[in-house]
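See below for the structure under consideration.
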Amino acid sequence: MKTVEVIVEYAGKNLSAYIEGAPVITVGNNIQELERNMREAIELYLDDNDNPCELLAGEFELKFRIDIATFINYYSGIFTKAALSRITGINERQLWHYAAGVHKPRQKQAEKIQRGIQSLTRELESISLV
């Protein structure tokens, strides 16, 4: 089964998503809504097209990809810049620059953020509340 990448971007007060190479786009207030809307948009596209674009022909799974600025802004209610700095080791001021789009993180910095988030995810998954 192939993987179709869905690009997620921050669009002011909500999120937008599209698939490069396919005529499908949607918006949502959160990631869950965005995913539901994208699946519905794809279904409508496939229902209306007997000969869909190659990317959406056959079986596929969706993988949602989000850039650093969108991630920081979308999850700002959960992660303060200070908290994100602690789990990634990246200077808080630099994170503000990434969130505002003043600077785009280098690949090494993006990987550092990814590792920090994954580490926190593993830690949270291992916790059982009593």
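The values are calculated or read from the model by the stated rules, or taken from the named source; none is laboratory data. On a predicted model such as this, the values are computed, not experimentally measured, just so you know. No Cβ is skipped: glycine too gets one built from the backbone with ideal geometry, and neighbour counts run over all protein chains shown. For the accessible areas, the whole protein counts, side chains as well, though only heavy atoms, and no ligand, DNA or RNA atoms are used. Shrake-Rupley method; radii C 1.70, N 1.55, O 1.52, S 1.80 Å.
Table for the structure above
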| item | result |
| --- | --- |
| Carbon/sulfur fraction of accessible area - the chain, other protein chains in place, 1.4 Å, % | 48 |
| Rh (Kirkwood; distinct C-alpha pairs) - segment 14-130, Å | 16.5 |
| Listed residue (Ile90, Ser126, Tyr75) projecting farthest to the positive dipole end of the chain, Cβ model | Ile90 |
| Check: segment 11-130 dipole with +1 on Lys, Arg Cβ and -1 on Asp, Glu Cβ, in debye | 1160 |
| Cross-link partners of Lys104 among lysines (Cα-Cα below 25 Å; sequence separation of 8 or more within a chain) | Lys13, Lys63, Lys81, Lys112 |
| Cα-based helix-to-principal-axis angle, 31-48 vs the chain, degrees rounded to 10 | 20 |
| Separation between Cα centres of segment 67-90 and segment 48-63, rounded to whole Å | 34 |
| Magnitude of the charge dipole, segment 1-78, Cβ model with Lys/Arg +1 and Asp/Glu -1, debye to 20 | 400 |
| Choice from Asn29, Asn91, Asn49 showing the highest fluctuation, given a GNM over the chain with Cα pairs closer than 10 Å | Asn49 |
| Of every Cα-Cα pair in segment 64-130, the percent that sits beyond 20 Å | 24 |
| Cα gyration tensor, segment 19-86 - rounded (a/c under 1.5), prolate or oblate | prolate |
| Rel. contact order, % - alpha carbon contacts under 8 angstrom, at least six apart, segment 8-114 | 20 |
| Calculated [θ] (222 nm, deg cm²/dmol) that DSSP helices of n ≥ 4 give over the chain, each run adding -39,500 (n - 2.57) | -14500 deg cm²/dmol |
| Probe 1.4 Å, protein heavy atoms only - accessible area per residue of the chain in square angstrom | 68 |
